[in-house]
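Engineer: Dropping a structure here in structure tokens format, bear with me for questions.
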Number of protein chains: 2
Amino acid sequence: MKDPKDHLAQTLKQVRKDKKLSLDRAADLTGVSKAMLGQIERGESSPTVSTLWKIATGFEVSLSSFIEPTTSQNLKKTVARTADEIRQHPAEGGLMIAPLFPYESQLGFEYLELVFQAGYDRESAAHAPGVIEIVTVLNGVLEICCEGIWHKLEEGQSLRFAGDKPHAYRNATGEDAKVITVIHYPNGR
Amino acid sequence: MKDPKDHLAQTLKQVRKDKKLSLDRAADLTGVSKAMLGQIERGESSPTVSTLWKIATGFEVSLSSFIEPTTSQNLKKTVARTADEIRQHPAEGGLMIAPLFPYESQLGFEYLELVFQAGYDRESAAHAPGVIEIVTVLNGVLEICCEGIWHKLEEGQSLRFAGDKPHAYRNATGEDAKVITVIHYPNGR
DNA sequence: CCAGAATGTACGTTATAACGCACGATTTTG
DNA sequence: CAAAATCGTGCGTTATAACGTACATTCTGG
């Protein structure tokens with residue numbers, strides 16, 4: 001990725017246009033001079049983080065939206081997926097994975113369907129720092145161990161936990177357990 | 001929220017420590033002088049966005065992680081939720097909502113279970129620009145209309161679509177339809 | 001039509017980011 | 001143990017962010 005200055009220029013100009021503000025009005029709102037706002041929009045200057053914060057705060061927009069690419073057209077497309085058609089069986093037995101919506105940097109998470117077959121019992125290594133996981137049980141019973149504590153989840157129950165620590169999954173029943181899981185990576189993956 | 005300079009200082013120092021890098025080594029990696037890295041870490045200077053980009057790129061960390069609050073301790077706690085216990089019935093009939101994990105700014109999304117009762121048929125106003133929705137049908141059959149096209153989702157099927165346009169939900173069957181939905185807001189909510 | 005207001009840009013001035021280098025303290029090496 | 005290397009900080013210099021102001025152009029209302 002190249003210097004974010006150009007993306008910032010476009011985004012600032014677009015936000016101001018969306019809000020139908022002149023540079024004068026925008027300067028009043030943000031506390032940043034209209035001359036500087038104009039320079040940023042024309043890509044002639046790269047503001048400090050503090051100045052960008054003043055702009056984002058004045059416009060009531062998140063800082064991130066000024067520096068990360070906007071939602072790509074790909075994400076705006078409607079995509080339908082059927083878990084039964086894309087389920088995969090990795091080398092490691094007992095677990096099947098349907099990557100319904102793989103990781104997208106603009107969303108910050110991946111969305112999977114997992115099937116833990118009867119008898120599954122395995123640890124998962126800690127993910128990168130800050131990773132958060134959410135699991136909802138659709139069918140069956142699944143136990144998840146995090147921070148030394150086992151949580152038994154039945155159909156309709158959900159768990160959110162820190163995925164940046166070692167954790168474990170166990171299906172001690174005689175039937176498969178099917179879950180939906182969202183894994184959020186704050187620093188990308 | 002206050003000036004992000006202090007958060008940036010802490011984060012930069014922590015990232016460098018995690019990677020076991022001296023200021024010298026970090027300067028080599030990022031192309032930013034060690035004197036400047038030191039000033040940023042001590043909160044004595046607010047870098048330009050271009051300089052911050054060089055730092056993030058050199059460290060192979062996302063820009064956002066330097067300017068948004070780190071995952072709060074609240075998010076790291078293990079939380080179990082049962083949809084049956086928290087399901088709500090809003091004024092508007094035919095739809096029940098279990099807010100399993102409400103919106104968190106650090107995740108950027110909310111995670112809900114929805115039950116569309118038999119006969120439900122209603123439009124949903126467009127969300128803010130950039131919003132992306134994901135829906136997975138757990139039980140029953142649900143139809144979702146986006147961009148003028150109806151998509152029929154049966155059990156095990158999922159849909160991702162742009163939530164910043166008018167869309168509609170319909171359950172034309174004689175039974176309830178239960179879904180999990182993730183709604184991602186790029187600019188917060 | 002005309003005067004005043006609004007708009008965005010250019011320019012000179014001021015403040016501060018960003019740098020290279022020196023230095024004292026600490027750690028490493030032979 | 002002494003010398004060399006490394007470390008983080010402070011300082012002066014340079015480059016540029018950020019500002020206030022002037023100006024040409026366009027718009028608006030009487």
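Engineer: If you average 1/r over every pair of different alpha-carbon atoms in region A:5-70 and take one over that average, what Kirkwood value in Å do you get?
Structural biologist: Details: mean 1/r = 0.0879 Å⁻¹.
The Cα-based Kirkwood calculation yields 11.4 Å.
Engineer: Using the heavy atoms of the protein chains and a 1.4 angstrom probe, tell me the accessible area per residue for the protein assembly as shown in square angstrom. Write down the numbers at each step before the final one.
Structural biologist: Numbers: 17710 Å² over 378 residues.
Here the residues of the protein assembly as shown average 47 Å² of exposed surface.
Engineer: Given the DSSP H assignment, sum -39500 (n - 2.57) over each helix run of at least 4 residues in chain B and divide by its residue total; what's the result at 222 nm in deg cm²/dmol, nearest 500?
Structural biologist: Numbers: 7 runs with 53 residues, N = 189.
Per the formula, -7500 deg cm²/dmol.
Engineer: Tell me, what ³J(HN,Hα) does each residue in region A:109-114 have, in order and in whole Hz, if you take phi through Karplus 6.51 cos²θ - 1.76 cosθ + 1.60 with θ = phi - 60° and put x for Gly and Pro?
Structural biologist: 9, 10, 10, 10, 10, 10
Engineer: Can you send over the carbon and sulfur percentage of the accessible area for the protein assembly as shown, probe radius 1.4 Å, protein chains only? Can you show the working numbers first?
Structural biologist: Details: 8540 of 17710 Å².
Carbon and sulfur atoms account for 48 percent of the accessible area of the protein assembly as shown.
Engineer: Which residue fluctuates the most in chain B, going by a Gaussian network model with Cα springs under 10 Å, if the choices are B:K165, B:K178, B:K17?
Structural biologist: With Cα springs under 10 Å in chain B, the top fluctuation among B:K165, B:K178, B:K17 is at B:K17.
Engineer: Further question: With a cap of 12 neighbouring Cβ atoms within 10 Å, and only residues DSSP puts in a loop, list the GluC sites (Glu not before Pro) found in region B:40-90. Intermediate results must be reported in sequence, preceding the final value.
Structural biologist: Working: sites: B:E41, B:E44, B:E60, B:E85; in loops: B:E44, B:E60.
For GluC sites (Glu not before Pro) across region B:40-90 that sit outside H, G, I, E and B with at most 12 neighbouring Cβ atoms in 10 Å, the list reads B:E44, B:E60.
Engineer: With a ≥ b ≥ c the root eigenvalues of the C-alpha gyration tensor of the protein assembly as shown, is it rounded (a/c under 1.5), prolate (a/b larger than b/c) or oblate? Don't skip to the answer; put the middle values down first.
Structural biologist: Values: a/c = 2.42, a/b = 1.43, b/c = 1.70.
The shape class here is oblate.
Engineer: Additional query: With a cap of 12 neighbouring Cβ atoms within 10 Å, and only residues DSSP puts in a loop, list the trypsin sites (Lys or Arg not before Pro) found in region A:57-127. Spell out each step's value before the answer.
Structural biologist: Working: sites: A:K76, A:K77, A:R81, A:R87, A:R122; in loops: A:K77, A:R87.
Those satisfying the criteria are A:K77.
Engineer: For the pairs A:K77/B:K17; A:K77/B:K77; B:K20/B:K76; A:K19/B:K17; B:K77/B:K165, note any where the Cα-Cα span goes beyond 30 Å. All intermediate terms of the calculation are to be shown ahead of the outcome.
Structural biologist: Numbers: A:K77/B:K17 41 Å; A:K77/B:K77 34 Å; B:K20/B:K76 24 Å; A:K19/B:K17 42 Å; B:K77/B:K165 35 Å.
Too far apart for the 30 Å limit: A:K77/B:K17; A:K77/B:K77; A:K19/B:K17; B:K77/B:K165.
Engineer: OK, next. Under a 10 Å cutoff between Cα atoms, tell me which one of B:I144, B:I67, B:I97 has the largest fluctuation in the Gaussian network model of chain B.
Structural biologist: Result for chain B, Cα springs under 10 Å: B:I67 fluctuates most.
Engineer: So what's the projected area for region B:75-184, the Cα convex hull averaged over all directions, in nm²?
Structural biologist: Values: hull surface 28.6 nm².
One quarter of the hull surface, i.e. the mean projection, equals 7.2 nm².
Engineer: What are the nm distances, shortest first, from B:A35 to its equivalents in the other copies, labels at 7 Å along Cα→Cβ?
Structural biologist: 2.7
Engineer: In region A:30-72, what residues drop by 30 Å² or more in accessible surface going from the chain by itself to the full protein assembly, probe 1.4 Å?
Structural biologist: Residues losing area: A:S46, A:T48, A:V49, A:S50, A:W53, A:S62, A:L63, A:S64, A:I67, A:E68, A:T71.
Engineer: Go from 0 up to the bin containing the longest alpha carbon distance in chain A, width 10 Å each, and give me the % of pairs per bin.
Structural biologist: Going out from 0 Å in 10 Å bins, chain A shows 8, 28, 22, 17, 15, 9, 1 percent.
Engineer: Quick one: buried accessible area between B and A, total over both chains, 1.4 angstrom probe, nearest 100 Å²? Display every interim value, and only then the final one.
Structural biologist: Values: alone 11460 and 11450 Å², together 17710 Å².
In total, this chain pair buries about 5200 Å².
Engineer: If the elastic network links every pair of Cα atoms under 10 Å, which of A:H89, A:H127, A:H167 fluctuates the most in the Gaussian network model of chain A?
Structural biologist: Top of the fluctuation ranking is A:H89.
The values are calculated or read from the model by the stated rules, or taken from the named source; none is laboratory data. As the structure is a prediction and not an experimental result, all values here were calculated from the model. For neighbour counting, all protein chains shown are included, and Cβ atoms are generated from backbone atoms with ideal geometry for every residue, glycine included. Keep in mind that these areas ignore ligands, DNA and RNA; they rest on the heavy atoms of the full protein, side chains included. Shrake-Rupley method; radii C 1.70, N 1.55, O 1.52, S 1.80 Å.
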